[in-house]
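Read-outs: derived from the displayed coordinates by stated rules, not from any lab. Since the model is a prediction, treat every value here as computed from it, not as a measurement. Cβ: placed from backbone, ideal geometry, glycine included. Neighbour counts: every protein chain shown.
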Amino acid sequence: MIVDAGRQRVAFGTRDRVELGAVAGRLDVVLMLAAAALVGYGLWAVSGITRFDVSGDPGYYVVRQSIAAALGAIGLVVAIAIPPSFYRRYWRAVYGTALVLMVVVYAFAEAVRGSKRWIDIGPIQFQPSEFGKLLFVLAIAGFLAERNRQLGLFRTVLGAIALGVVPMLLVFLQPDLGTALVYMAALAAVLFVAGIRWLHLALLAALAATLVASVVWILPSAGIEVLKPYQTARLTGFTNPDADPAGLTYNLNQSITAVGAGGIDGRGVGEASQTRFDYLPEHATDFVFASFAEQRGFFGAAILLLLYLLVVWRGLRVITVAGDVYGAMVAGGIVFAFLFQVFVNVGMTMGIAPVTGIPLPFVTVGGSSMVANLVAIGVLQAIHARGRPDAFR
């Protein structure tokens, strides 16, 4: 969806200066209820998936996830209260904060399985790149909104890409290929909603395809390895899951088995052997959807996907009612990044998408992901509440 910047642009701050009482009355109730349902449904899923993970404490992970949900709810309320024009005005500071978060990982994070992604703050494990997704969208949209009369110029598009490449590269080098891909998807969505020329979009798509082909096939064939061996195996293994069932594609095969074993109504918590006995590695994180499908079956998984669809639908509506082009771009980036994460995570558990380690929103065990997603919902609500007046008639 391309937003006409001329029609959407309004005097700075006119619609953002709304009393908090009026903001509360303009919230998207359906979006709020859908997010709340996802949180509750996700906690129920986690309670079953992790019941046997900690001996003597079946509620260990669900309690931690509940605490993260409570913190995320506070962040959601705060995000609603902050007018989007604040981020637009200080987009440089927002961008700088995102970069600082990425750099801090290299200085303070301990390597876990060869990756530096998490910072330990007492009993809390903090993943900066999850919050960086939202900051990334807010900053890139601010850059483009500041140049909304120059969106037809390729140098403006290149400027946005140049800004985006830095945090993407920092995340990629952690290494965290999945999150870097989410950043790339969010950037593409922001540019699309901004209304850049179709020719420029086509050139960028061709450039992205060439880059992926070079990293995965062309450069390795010339002896230049960009990715680590396990990353290459993850990206290409889904095309031939039987290539090494006891090695590189073991996780994928166990995931496909778990999804199929769930059947129509699931095997239940106690009988879900793939999850309970750890035949499926990372069953609470990367492959959480496969574990949930094994326990709750097609019906349980379908309800989860319908809740995701409801959030995406309401998020797309926020784009159409946004009070200015900045709000529309931010909403577009948030919604598409959310959809991208759901699609890739669910797809990789069934062998139709590469295994990239992208978390499943509101379900994957991880406090940073939960809090960041709820804050993103709060930003969507802030944009909706300060949208075009005619949208509330």
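Observations
- Under Karplus coefficients 6.51, -1.76 and 1.60, residue-wise ³J(HN,Hα) of the stretch 343-358 in Hz, glycine/proline x: 4, 5, 5, 5, x, 6, 6, 10, x, 10, 8, x, 7, 10, x, 6
- Extension reserve of the ILE121-VAL166 stretch, reckoned as 0.36 nm per residue once the Cα distance is removed: 13.6 nm
- Given their separation in residues at 0.36 nm each and the Cα-Cα distance between them, ALA302 and ARG149 gain 50.7 nm when the chain is fully extended.
- Inter-label distance for TYR250 and SER66, nm, one decimal - labels placed 7 Å from Cα along Cα-to-Cβ: 3.5
- Note that the stretch 90-106 has calculated 3J(HN,Hα) couplings of 10, 5, 5, 5, 5, 5, x, 4, 4, 5, 4, 4, 5, 6, 4, 4, 5 Hz, one per residue in order, obtained from phi through the Karplus relation 6.51 cos²θ - 1.76 cosθ + 1.60 (θ = phi - 60°); glycine and proline are x.
- Residue-wise HN-Hα coupling along the stretch 142-147, computed from phi with Karplus coefficients 6.51, -1.76, 1.60 (Hz; x: Gly, Pro): x, 4, 6, 5, 5, 10
- Other-chain or far-sequence residues with amide H under 5 Å of THR249's (modelled H): ASP244
- GLN274 sits among other residues whose Cβ lies under 15 Å from its own Cβ, and their net charge, with Lys and Arg +1 and Asp and Glu -1, is -2.
- Proximal charge balance of ALA34 [Cβ under 10 Å; K/R count +1, D/E count -1]: 0
- Amide H contacts under 5 Å for ILE124, placed H, 5+ residues apart: none
- Prolate/oblate/rounded label for the stretch 5-392 (Cα gyration tensor, a/c 1.5): oblate
- Neighbours of GLY142, meaning other residues whose beta-carbon lies under 11 angstrom from its beta-carbon, give a summed charge of +3 when Lys and Arg score +1 and Asp and Glu score -1.
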